[in-house]
1. By how many degrees, between 0 and 90 and to the nearest 10, does the Cα long axis of helix 242-252 differ from the longest principal axis of the chain?
2. Kindly flag which residue pairs out of Lys2/Lys279; Lys147/Lys182; Lys147/Lys279; Lys182/Lys279; Lys2/Lys147; Lys33/Lys182 have an alpha-carbon separation exceeding 23 Å in this structure.
3. How long is the gain from Ala328 to Asp310 if the chain were fully straight, where each residue apart is worth 0.36 nm and the alpha carbon distance is subtracted?
4. Enter the angle in degrees (range 0 to 90, nearest 10) between the Cα long axis of helix 212-225 and the first principal axis of the Cα atoms of the chain, meaning the one along which they spread out most.
5. Estimate the FRET efficiency between His159 and Ala64 by the formula 1/(1 + (r/R0)^6), using the beta-carbon distance for r and 35 Å for R0, to the nearest 0.05.
6. Near Ala193, within a Cβ-to-Cβ distance under 9 Å, what is the net charge of the other residues, with Lys and Arg +1 and Asp and Glu -1?
7. For the chain, calculate the relative contact order in percent as a whole number, restricting contacts to Cα pairs under 8 Å that are 6 or more residues apart.
8. Modelling each spin label as a point 7 Å along the Cα-to-Cβ direction, I'd like the Tyr262/Glu293 distance in nm, to one decimal.
Amino acid sequence: MKLLVCGGAGFIGSSFVRLRVNEHGDDVTVLDKLTYAGRRENLHDVIDQIRFVHGAIEDPVAVAGAAEGCEAIVNFAAETHVDRSISDPEGFIVTNMQGTHVLLEAARRQGMRYVQVSTDEVYGSIEEGSFTEQSPLQPSSPYSATKTGADLLVSSYFHTFGLEAVICRGSNNYGPYQYPEKLIPLMILNALAGDRLPVYGDGRNVRNWLHVEDFGHGIGHALAHGLPGEAYNCGGPDECENIEVVRRILGLSGRDESLIEYVTDRLGHDRRYSLASAKLQQLGWKARMGFAEGLERTVAWYRDNDWWWDPIRSGVYREYYERQYGRALKR
Ligand code: NAD
Ligand code: DAU
């Protein structure tokens, strides 16, 4: 299949590209703006087998050029970090909403199938039980509000123009090549460096962990078998409190709990996410990787691949970290 993968140089997008090239033999074009989170290094092992276009999804000319000859668009491109959306939301509106609109227009003009990669955060927080696709959309942060806006635009293009569009909503992903501003890689790299591990609030917020390769397979199922106009939840097999995630990482890194530091909570911090994924399972998808095994492999990957993270930790990320946490990184 000829695929346009937007945001394919990011964490989940690059894993999806690897999967499509290696397991499906797809002809893939990646369109990516290469923000701080997008890196060619994430595609190092498949870069010779794809076409890479450096450009922004909110730029109609770049999108038209990249989309030429493609049968489907899978859109991962987004500003994705909740904390950054709280300190500076504007870029989230441009990329996540305006950019999605430009892609939908291109898909409509060319009659392409369209998959929007979305998030459990569009439903907001849930104390008990799990969200289904029928649950109301109640986003809390500027990030999740822009992802919700994008989902609604996608639905409108199905209802109004008959666009063959599908939405796939994932829970918290983890695995190799994740930018270390997110909980799991940040805690792993701080633990390996002997730095403190900053836990927000009481550490008892719960996330529903999904290995990045399982999400890639779920998106593939939505692309191949999803009904136009439908949304599909893709939730991980395990839920875990943040403090438990941090304790496990310390154990896997050979460190003790004295490195844990409780810090000021995130504004509007969602307490718990949980997805029911029966609808996607009916399409044949099932998560393969449990959290215990996936986390162990992930810690090992970061331990063995400092070529990948060392340039990040010694570059502009240091300034971000100092602004966010009010102190410098050790390494
Ligand atoms: P990421 O931040 O690692 O990667 C985002 C990618 O998009 C980067 O390559 C970046 O350069 C690119 N990008 C950003 N703005 C762009 C623009 N204007 N034009 C073109 N490219 C642009 O993000 P991720 O964690 O890989 O998330 C990918 C998608 O999955 C996002 O849509 C996110 O909302 C969704 N999602 C993420 C998670 C998660 O846990 N990380 C869970 C569910 C859904
Ligand atoms: O749920 C899916 C979403 O997961 C995606 O849509 C987002 O793009 C992705 O960033 C992620 O959002 P979260 O806010 O859940 O992930 P994050 O890794 O930022 O935080 C996970 C939890 O850990 C959250 O409860 C906040 C907490 N946390 C995070 C950081 C960075 C800490 O306690 N300390 C930290 O330093």
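The values are calculated or read from the model by the stated rules, or taken from the named source; none is laboratory data. Computed from a predicted model, the values in this text were never measured in an experiment. Please note: Cβ atoms are built from the backbone with ideal geometry, for glycine as well, and neighbour counts cover all protein chains shown. Side chains included, ligands, DNA and RNA excluded: accessible areas come from the protein's heavy atoms. Shrake-Rupley method; radii C 1.70, N 1.55, O 1.52, S 1.80 Å.
1. Approximately 70 degrees, to the nearest 10.
2. Checking Cα-Cα distances, Lys2/Lys279; Lys182/Lys279; Lys2/Lys147 exceed 23 Å.
3. 4.9 nm
4. The helix 212-225 is inclined about 20 degrees to the chain.
5. Working from the Cβ atoms, E equals 0.90.
6. For residues surrounding Ala193, the net value is +2.
7. 17
8. Computed distance between label sites Tyr262 and Glu293 equals 3.6 nm.
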